[in-house]
């Protein structure tokens, strides 16, 4: 496991005002997060999964935008490695619409904590590549999800060893399906996507991902502004044409059922 897989590394990364300063303005430039929300809505419509009266748990909820897509009749629970993120979501005015919410910090070693059990849906969006032990984490999520409950997972698709300073491990669609099967999950649908943010973008963004002082921040800002200009529906529209051109996907989305 690299330093990127330690809880202390993650706490340092997502502290120092990450979830406080310009929180909603930053969302305007998080094209990747908006696309995940778009894909989740599309997937739920396809499989007739409701957004109402659901008991939902999200590991690594960040700004909470996936959770806040659910109706006010739903129960929202979550766990974050960052105390700042927990404090920020508790003070989010959108939370006032919900009667049953509970958010916790993870254990000091990075293991998730669960406010309850028997969840209808568990979400982990770009989290498992960071946790100390993804096998143990998936087992624990399974244990706290009701029988036939659902799991929604988003993961980056990168070549092995790609920028280990950011991610503790890499995944493939087949490898992650095997991992899910060994931890109490049955894959319903797996989709490789996000070719819009192909690897050439990541090459351009290398100074940011390597945390190069000043230059990295400038590059990150320019990249986010440029890629945020097209609407989310356009990103979805170009998925198939880019696939026909053999542009590699950047993200894996998996819907699974607790078996």
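Since every read-out is calculated from the coordinates, none of them should be taken as a lab result. Note that the structure is a prediction, hence the values are computed from the model and not measured. Here the Cβ is made from the backbone with ideal geometry for all residues, glycine too, and neighbour counts use every protein chain on show.
Okay, here's what the table says:
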| item | result |
| --- | --- |
| Ranked packing of 72-80, 56-64, most packed first, by mean Cβ within 10 Å | 56-64, 72-80 |
| Order by protection proxy (mean Cβ within 10 Å, highest first), peptides 150-159, 137-146 | 150-159, 137-146 |
| Rounded Å value of the spacing that divides the Cα centres of the stretch 30-86 and the stretch 223-243 | 21 Å |
| For q = 0.11, 0.25, 0.26 Å⁻¹, Debye-computed log10 I/I(0) when each Cα of the stretch 41-115 counts as one equal scatterer | -0.28, -1.14, -1.19 |
| Mean Cβ count within 10 Å, highest first, over the residues of peptides 44-53, 30-39 | 30-39, 44-53 |
| Kirkwood Rh, angstrom, the stretch 116-259 [1 / mean 1/r, Cα pairs] | 16.6 Å |
| Estimated distance in nm for a label pair at residue 111 and residue 237, the labels positioned 7 Å out from Cα along Cα-to-Cβ | 4.9 nm |
| Stokes-Einstein translational diffusion, the stretch 59-179 - Kirkwood Rh over all Cα pairs, 1.306 mPa s, 10 °C, in µm²/s | 104 µm²/s |
| The stretch 99-155, Cα convex hull volume normalised per residue, Å³ | 89 Å³ |
| FRET efficiency estimate (nearest 0.05) - Cβ-Cβ, residue 95 to residue 178, R0 35 angstrom | 0.40 |
